[in-house]
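Here the structure comes first, spelled out in C-alpha cells, and everything after it is commentary.
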C-alpha cells in the first residue's frame, strides 16, 4: 500500500474527500498532511480523521531539508497538492519525480500561474465570458501550473453563473475525479518503483 502525503493551505475539503476515498482501499492511504498555514482548517480535519500532520513556514520550506526529511521519515511514496498555494521547491520535485500532482480549478493552460487560485480563477472565467470551465490535474514542476497535464474534465459556464455557483460545480468535479486520478497514478507507481 502506497503512502500519500497531502499538502494543503486552507479548509481541506479535497484532503478530506481523498482521505475518505482511500480509507478502505488497498492501493494507498493518506498517512500525513503538511501545511504552511498553522490556522488552516485542514489541520482540524486531519485531527478528526486521525491523520498526523506537520506545519512548516516559508523559511523551513525553501531554505532547509526539514520537509523532505519528514516525508522520508514517513516513507512517503506520493504527494498530492490539494489547495496548496506555494511553489514547490526543486529539491522536492527531484526527490519525487512524477510523484507530485496538483489539481487546478480551470482548464489549463488558461487561468494558471502565480496568484491564480481559488475564487480568483472563477472570477476570471466569468469576467471573460468563457463558455466552459473545469479542472486540470497535472504533475508538478518548478513553475506554477505548467507541469504535464494528466487529466482534464469540463463543465458548462451558465449565463447566470456567479463565481460562487461556478466554484460549486468545479468542486463537484474535483471531488468526483481527483481521488480516482490519484489512484490511477498509484497503480502506475507499481511498475516504476
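Only the coordinates and a few stated rules stand behind these numbers; no lab work does. Treat the numbers as computed from the prediction; the structure is a model and nothing was measured. Counting neighbours? That spans all protein chains shown, and the Cβs are built from the backbone with ideal geometry, glycine included.
Helical content alone sets the calculated 222 nm signal of the chain at -12500 deg cm²/dmol, taking -39,500 (n - 2.57) per DSSP H segment of four or more residues and averaging over every residue.
Each of 68, 87 was scored by other Cβ atoms within 10 Å of its Cβ. Listed from fewest to most, they are 87, 68. When 143, 169, 99 are arranged by Cβ crowding within 10 Å, least crowded first, meaning fewest neighbours, the order is 143, 169, 99. Rounded to the nearest 5, the antiparallel percentage of DSSP beta bridges internal to the chain is 40%. Both numbers refer to the Cα atoms of the stretch 31-188; Rg and Dmax are 16.2, 50 Å. Placing R0 at 22 angstrom, the Cβ-Cβ distance between residue 25 and residue 153 gives a FRET efficiency of 0.55 after rounding to 0.05. Exposure proxy for 181, 55: other Cβ atoms within 10 Å of each Cβ, ordered fewest to most, give 55, 181.
Could you calculate the contour length gain from residue 41 to residue 143, that is, 0.36 nm times the residue separation minus the distance between their Cα atoms, to one decimal place in nm?
Details: separation 102, 0.36 × 102 = 36.72 nm, distance 2.64 nm.
Residue separation times 0.36 nm, minus the Cα-Cα distance, leaves 34.1 nm.
Compared with the direct C-alpha span, the chain from residue 164 to residue 58 gains 35.2 nm at full extension, assuming 0.36 nm per residue. Helix 163-192 and the longest principal axis of the C-alpha atoms of the chain enclose an angle of approximately 40°. Can you give me the angle between helix 13-22 and the longest principal axis of the chain, using Cα atoms only, in degrees from 0 to 90, rounded to the nearest 10? Computed tilt is about 60 degrees.
Expressed in nm to one decimal, what extension gain is obtained for the pair residue 187 and residue 120 from 0.36 nm per residue of sequence separation less their Cα-Cα distance?
On the way: separation 67, 0.36 × 67 = 24.12 nm, distance 3.36 nm.
So the chain would gain 20.8 nm between residue 187 and residue 120.
Mean-square fluctuations from a GNM of the chain, with a 10 angstrom spring cutoff on Cα atoms, peak among 35, 148, 136 at 148.
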